[in-house]
1. Mind checking which pairs have a first residue in the stretch 155-182 that is modelled with pLDDT under 90 and a second that is acidic (Asp, Glu) and surrounded by fewer than 17 Cβ atoms within 10 Å (Cβ to Cβ), Cβ under 8 Å, 6 or more apart or different chains?
2. List the number of the failed condition for ALA363; all other conditions in (1) over 30 Å from LEU307 (Cβ atoms); (2) out of contact with any helix residue (DSSP H, G or I) (no Cβ under 7 Å at 6 or more places or on another chain) hold.
3. What pairs come out if I take residues in the stretch 245-271 that are farther than 14 Å from ALA416 by Cα and in the same structural domain as TYR403 (by TED's automatic domain parsing) and pair them with residues that are of a type in the set (A, V, I, L, M, F, W, C) and modelled with pLDDT under 95 whose C-beta lies under 6 Å away, six or more apart or interchain?
4. With the condition kept exactly as written, say whether any residue in the stretch 309-322 is surrounded by fewer than 17 Cβ atoms within 10 Å (Cβ to Cβ), outside the structural domain of ALA32 (by TED's automatic domain parsing) and at pLDDT 90 or above.
5. Taking only pairs six or more apart or across chains, which ones have beta-carbon atoms under 7 Å, a first residue in the stretch 273-295 that is under 16 Å from ARG412 (Cβ atoms), and a second residue that is of a type in the set (S, T, N, Q) and in a helix (DSSP H, G or I)?
6. Mind listing just one residue for me: the one in the stretch 8-26 that is closer than 13 Å to GLU162 by Cα and of a type in the set (Val, Ile, Thr) and, of those, nearest to the ligand (Cβ to nearest atom)?
7. Quick check on the stretch 401-416. Is at least one of its residues among the aliphatic types (A, V, I, L, M) and not in a helix (DSSP H, G or I)?
Amino acid sequence: MDSEKEHDDEPIPISLVANYIFCPRRAWLEAAGEKVESAQISVGDTAHKRVDAPTLTDDATLFHALDVRHSRWNVSGRLDAAQRTPDGMVIREYKATPVKQSMQVTDAMRTQLALQSACLQDMGETVLGTEIFFISHHRRVKVELTDEDFHKAEDAVRQVREMINAPAAPAPLEDSPRCLRCSHVGICLPEERALGTVTRRVMVTSPDHQVTHLTTPGTRASSHDGRMLVTKRGDEIASVPLDTIQALQLHGNIDLTSGLIRELLWRNVPIMWCSGTGRLYGWTSPSYGPNGTARVEQHVASHEGRLGLAREFIQAKVHNQAVLLRRSDPANSALPQLREIGKQLKNCNRWQDVLGLEGEAAALYFSQFSALIKPAKRRGWPWVARMRRPAPDELNSLLDYTYALLLADCIRAITACGLDPHAGFLHSSSRNKPALALDLMEEFRAPIADSIVQTVVNNAEVSPQGFSHVLGSVRMRDDTRRSLVKAYERRLETEITHPLFGYKATWRRTIEIQARLILGYLDGTQSSYKGIRIR
Ligand code: SF4
């Protein structure tokens, strides 16, 4: 009740109402804190930066970045510019429509101008006129507002308030050309929500989140002049523009200065720390994040349990294990049993049965794991069983490390959409592990992690000599770790044909999309979740 009251008392931003006119779901995403960068937004932002510092110019009649508010409608916003004339104010809004598009004054722009005018009038000013300045075209277009514009604007404010307080996200637009120019398409996934082949691929403007890894022990990274400088014993060994870092992962004993940590937090770039053996110690999390309400839904759902979701993670995992085995050994004796377990999982309605079948499939799959290794190599890479921490042999050591890398990617994907990596559906949150990240990871274990281990061994990218043996546990040497991280990044940046949607996407983007589908299931955009199944 209190949170509703808080929403009701807060003024609605004028920009949110304008976005609502463009698409209610876009406004919902913005209200939920989803931020994206697009070329059009950055052009607009640069232009806005020039007018965003509140100023009064020399002639004392031209105002920039003027804050306005309408007390009865309870909306507020900032005007780009307003010129005072003897007869009243003229409002000017700057827009970054690409040159190839015509200078069209849209409904959203009219609503924005109407709200700004209403605010100024409410503050006791007379508004003489409104205009849009199209930045890329360098042209000004006068806009004559009508009574209908003001009625629509007031009504839109009411609708936005209702939308913000609604329990579920508005559905995406269907087959709409607006999605083609929407900055939020990469997180909204309008066509993917049907969980079937996407016929018209909407291009995602934001790039996949590439990760910068620091793997040399004893190095120190600091921020200087917009770059990350990496030094060892005072010698510079790398210098990376901060703008190109979308995530930073540290392996082993590496120091970061607090200035660099602060800078990356400010840029919303996650930092992950893991040990030299691949144990993930933790990650940074900025104070502000999107989808707080969905996160609450996640905790409730996690507490209540969602068997369908848990079953789907496991069904996809078992399917993918069988496919990976089949690719190396089509006649493998475990395949019929794995397929049978897949069928039984479909009809499982009890938690203990799902977990029992998952354990059975894992035991079968790992009993055959050496089938993934070329026969000529098996002698140098002995395999007995899957054993963790400490890894008793080289293959288990590679698996441990690759799973940790994959876990870090799943955590990044989950936190990027505002969900809590610790509130899971299959893995228990009571074990104090990042349960949801472990859930999401299940379907990617075979096609990403196991497959990378298979590749680096079969292609001799690592050798059995690249490990040290300490009291029965096997550890990677630095060069082996570097080779594995390189192979991991290569795989994550490899484009595949997305098994569900049929378009090309990198493995990393595929993980991000799956995290968004979990979010969609929780915020009510979709009724179910579908795991990735390779062919
Ligand atoms: S992608 Fe389409 S449905 Fe989604 S927010 Fe943008 S315009 Fe709306």
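1. Correct list of pairs: ASN165/GLU4; ASN165/ASP8.
2. Among (1) over 30 Å from LEU307 (Cβ atoms); (2) out of contact with any helix residue (DSSP H, G or I) (no Cβ under 7 Å at 6 or more places or on another chain), the lone unmet condition for ALA363 is (1).
3. Here the result reads none, with nothing in the stretch 245-271 linked to a residue that is of a type in the set (A, V, I, L, M, F, W, C) and modelled with pLDDT under 95.
4. Filtering the stretch 309-322 down to residues surrounded by fewer than 17 Cβ atoms within 10 Å (Cβ to Cβ) leaves none.
No: zero hits.
5. Pairs found: SER285/THR415.
6. VAL17
7. Going through the stretch 401-416, the residues among the aliphatic types (A, V, I, L, M) turn out to be 404-408, 411, 413-414, 416.
Narrowing the set further to residues that are not in a helix (DSSP H, G or I) leaves none.
There is no residue in the stretch 401-416 that is among the aliphatic types (A, V, I, L, M) and not in a helix (DSSP H, G or I).
Each row is one residue, and each column tells you yes or no for (1) buried (at least 17 other Cβ atoms within 10 Å of the Cβ); (2) in a strand (DSSP E or B); (3) touching a helix residue (DSSP H, G or I) at 6+ places or on another chain (Cβ under 6 Å).
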residue: TYR94; (1), (2), (3): no, yes, yes
residue: LYS100; (1), (2), (3): no, no, no
residue: ALA114; (1), (2), (3): yes, no, yes
residue: GLY124; (1), (2), (3): no, no, no
residue: PHE133; (1), (2), (3): yes, yes, no
residue: VAL141; (1), (2), (3): no, yes, no
residue: LEU145; (1), (2), (3): yes, no, yes
residue: ARG158; (1), (2), (3): no, no, no
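The values are calculated or read from the model by the stated rules, or taken from the named source; none is laboratory data. Just so we're clear, the structure is a prediction, and the values are computed from it rather than from any experiment. Methodologically, a virtual Cβ is constructed for each residue, glycine included, from the backbone with ideal geometry; neighbour enumeration extends over all protein chains shown.
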